[in-house]
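Only one structure is covered here, and it is reproduced in the block below.
The values are calculated or read from the model by the stated rules, or taken from the named source; none is laboratory data. Because the structure is a prediction, the values reported are computed rather than measured. So basically every Cβ, Gly included, is an ideal-geometry build from the backbone, and we count neighbours across all protein chains shown.
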Amino acid sequence: MTPDDPLKAADSLRPHRFDGIQEYDQRLPNWWLLTFYGAIAFAIGYWLLHQHFAGPSDAGRLRAELARIEAAKFSTVTTLDDATLWQMSRNPVMVAAGRVTFNATCVACHLSSLKGKEENPLAIGPNLTRQVWIHGGRPTEIYGTVTQGVLIKGMPTWGPVLGARRISEVVAYVLSYHQEGEPSGVAPSTGPAVAVPGAPPPTP
Amino acid sequence: MSDRKITIEYNDQIVRQFMLASILWGVVGMLAGLLIAAELSFWQLNFNLPWLTFGRLRPLHTNAVVFAFVGNMVFAGVYYSTQRLVKARLASDLLSKVHFWGWQLIIVAAAITLPLGFTRGKEYAELIWPINIAVAFIWVVFAVNFFWTLQRRHEPTLYVAIWFYIATIITVAMLYIVNHLSIPTSFTHSYPIFGGAQDALLEWWYGHNAVAFFLTTPVLGIMYYFLPKASGRPVYSYRLSVVHFWSLVFVYIWAGPHHLLNTALPGWLQTLGMTFSLMLWAPSWGGMLNGLLTLRGAWDQLRTDPVLKFFAAGVTFYGMATFEGPLLSIKSVNALAHYTDWIIGHVHVGTLGWNGFMAAGMFYWLTPRLWNRPLYSVALANLHFWLGLVGILLYVAAMWTSGITQGLMLNATTDNGTVLAYPNFLDTLNTIKPMMLMRVIGGGLYLAGWLMLVYNIHRTVRGAQAVNGTVEVFESTEPAPERLGLAGTVFSPPVIFSVLGTLFACAWMFGNDFLKLAGLFGTGLCVLLAWANFESGRRQWGVWYDRLLVSALPFTALTFLAVVAGGLIQILPTIVINTAQNVEDRRQIPYTPLELAGRDLYIREGCYLCHSQMIRTLVPDVLRYGDYSRLGESIYDHPFQWGSKRNGPDLAREGGKYPDIWHFRHFENPRSLSVGSIMPNYPWLFTQRTDVAALPAKISVQRLLGVPYPDWTPAEIQAGVEAQAQTIVKGLRTEGALTAPDREVVALIAYLQTLGKSEKLAPKPGANPDHDD
């Protein structure tokens, strides 16, 4: 099946015909053989690298990267206090950015008026414009409520999803409906708590 | 001489039937595709009807184009070419008829059951178990008819097309039967016997190789017959046929795990899936080269002949798809592309470009020969080609753009990589909406081209006289050429070196210390010895192969050996290893009866076709959806629901993310909570009642499969369902939503709220979580 002279082989037909179909017996193209052998060599090398001289696994790499992210996040939270958040709420750029996030993320439950249930009983979230707060009305308390969520009431954990900067902006936007120093009371929870099956928070 | 001349009339009636069926089902399958593509752009298009939703019609689309359109096309091509290549009429007219009508009945049954929500919940394996049995039976009928015909052949040597047909028939039988093993709970419902990662591995061993051995190998065989016939040119290279056939059938089987890269699937399987996909590139391109280079000297005919236009473009698309496949199998590329439209684009290069164009070329070539009348309009066929080509290019370009855009947006982070740049999944979806619309236009053009084929062939055939081909053969009394017996087949250098090499490679892969080294050494030695033997005795290898080609049974046995190896080596260790130990650090909590009922609704509605349940070991996935999914978190999932496409967000840790009322309102109208959502409304979930009566049978089957359910009586199951449903309904009522506890929406909410729940286990002593194995 293999005439050794490539020139002679170039157009030699095999003797057999199948329903009139004939076959040449050309040499395999070198570049084709190269990709074939190259892929096999790569496969052997890749297997050796990953299964014998095992570097970190996918899960290991992921854990390292998540630890770096967590550390980076800690560094941004330390400066936040009530005064800073009140300052942010008076900055038009911060409030505008917060409005964008709010309208994309929060309006489903709190409505674009921020009035939530009080405007439409079908809405899930409470009114954010009143001076009575269910989970505390100090800026850092609001910040904590947004970050950690109140799962039992339907407030998701926004921290891992939005990140510190966007949450500061959203809190600034909500605070822009309020005045520093205004009276702020804590209301008892309205309505019996709904039993929502608990689950681990979205990120470790 | 005592030769007696006889005339054989081919059974071309069956070819005509399969061909017309393929053309018809092609229209149906493409229409379904067009509708579901349009539904992604306009969610209203299901008209609030359950049986028109994307989740139920997507299986109809895939099953119709794969098994009905390409299936019938393949049967037509195989039956036409095989009879001529072996100079024998099909062995049995009865079997041919049973094959044809049985297959059409199966298709009709599928077209009825899938929209009604009867499904097994595994992609391309959705049909319910009674239909599975029918498919297996009809496939055996096909096999018997085919091999019986080979046995009666007047042409001793098997041509390369026949090799591919043999590989198709035995491999599809193997894949189909193993992936459809399940235990029925009723006449219309069953649970697959494997769960979680095992089920995932089996599913994609099947799913990937359905592409390989249903959409590729038979069509390669068809190419090897029809392309030389239509161009009048000899096949480019016989030895390329030999090398690419054997490497293709051996390597293809191993590549399945590339559908599960970066998931909870064990690392060694992911490595095999990726590397074998890369090794598949050259064997695939061997087929493309043999097709395109056969056209050397015939390129001028392309200007006028629509048949050769379709074939040349079809083979080129095959080359594109088989280059893209290995590319997408590289883990880092896959991290971007998986779950996005890029994969959809990749698939359609293959189906629209390769399968659809090869089918069109073959039909335009066959019609004048089967009805003895020239094609009604060559110009119309040429127009079909250009319209189809533009359609494919629009479709594929749209899906590439859409997939890469969405992948980049989903993976983008900001603030020094600490938070997602686009936290809202809908942002990414809104960005690609124009691309989704362009896909509809591309698909529409392709279908318009196909309708031209329907019209063209209808006008050609109308009133024409069907003719059957004939051939004159000599009934020879001369002895048949010497065939290879069992010993001659097995004790031959090619077989011995291949088997030993594979065994040594297994020892290297799985062995410890000494065995590993011995395996590595043995594999290398086998390769060297085989090379030396081949170089010293080239003629013997050639003579042996020539003898193998006149021996159909040994050839079939060796093909089976080649395709079974990869599956055995990947699947056996995975199912033999005790699942309870191989769970990483989490173990799933079995579903309550109500949650199980909800899960079956999730499967019925085809939710898995848009929502994955697999958070990959990738930072953006974890930031978006929560901690990565562990192997043990789906061990009781029969079938697994890891998904393959995210038209919506992942749901692996959906439980507890939102309150019950959120899901309730979301099922009523997703847009009330997620502005711009493309998910349909599900009003029927609020009126239909959960099928609690079916639960005792379902739970007893789950127990049989190893899910640790207590031995509940039907009354206890009923009581458990009612208690949990009442709790959910009461909670909903306090939020102002009224519903009865027996409604399907309650069961589905119960299921969604349990997703991601597992018990933590102490890590195995000595195990190093940071390393593979």
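What the table shows:
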item	result
Selected residue [farther than 30 Å from B:Arg586 by Cβ, touching a residue at least 24 places away in the same chain (Cβ under 8 Å) and surrounded by 20 or more Cβ atoms within 10 Å (Cβ to Cβ)] from B:Tyr206, B:Tyr191, B:Tyr236	B:Tyr236
The one condition in (1) more than 12 Å from chain B (Cβ to nearest Cβ); (2) at pLDDT 85 or above; (3) assigned to a helix (DSSP H, G or I) that A:Leu85 fails to fulfil	(2)
Selection within the range B:415-429 - within 8 Å of chain A (Cβ to nearest Cβ) and closer than 13 Å to A:Gly163 by Cβ	B:Asp415, B:Asn416, B:Gly417, B:Thr418, B:Val419, B:Leu420, B:Pro423, B:Asn424
Condition met for B:Thr188 (outside any helix (DSSP H, G or I) and among the polar types (S, T, N, Q))	yes
Selection count, the range A:92-101, where residues are touching a helix residue (DSSP H, G or I) at 6+ places or on another chain (Cβ under 7 Å) and away from chain B (no Cβ under 12 Å)	5
Count of the range A:136-149 residues which are buried (at least 17 other Cβ atoms within 10 Å of the Cβ) and either outside any helix (DSSP H, G or I) or modelled with pLDDT under 85 (or both)	2
Residues satisfying the stated conditions in the range A:44-66, i.e. under 18 Å from B:Leu261 (Cα atoms) and acidic (Asp, Glu)	A:Asp58
Single residue of the range B:621-665 satisfying the filter (of a type outside the set (Lys, Arg) and free of Cβ contacts under 8 Å to residues at least 12 places away in the same chain) that is nearest to A:Glu65 (Cα to Cα)	B:Val622
Selection count, the range A:105-122, where residues are within 11 Å of another protein chain (Cβ to nearest Cβ), of a type in the set (A, V, I, L, M) and surrounded by 15 or more Cβ atoms within 10 Å (Cβ to Cβ)	2
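Yes/no per residue for (1) of a type in the set (S, T, N, Q); (2) at pLDDT below 95; (3) in a helix (DSSP H, G or I); (4) at negative phi:
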| site | (1), (2), (3), (4) |
| --- | --- |
| B:Arg653 | no, no, no, yes |
| B:Trp662 | no, no, yes, yes |
| B:His666 | no, no, yes, yes |
| B:Gly676 | no, yes, no, no |
| B:Leu685 | no, no, yes, yes |
| B:Lys698 | no, no, yes, yes |
| B:Arg703 | no, no, yes, yes |
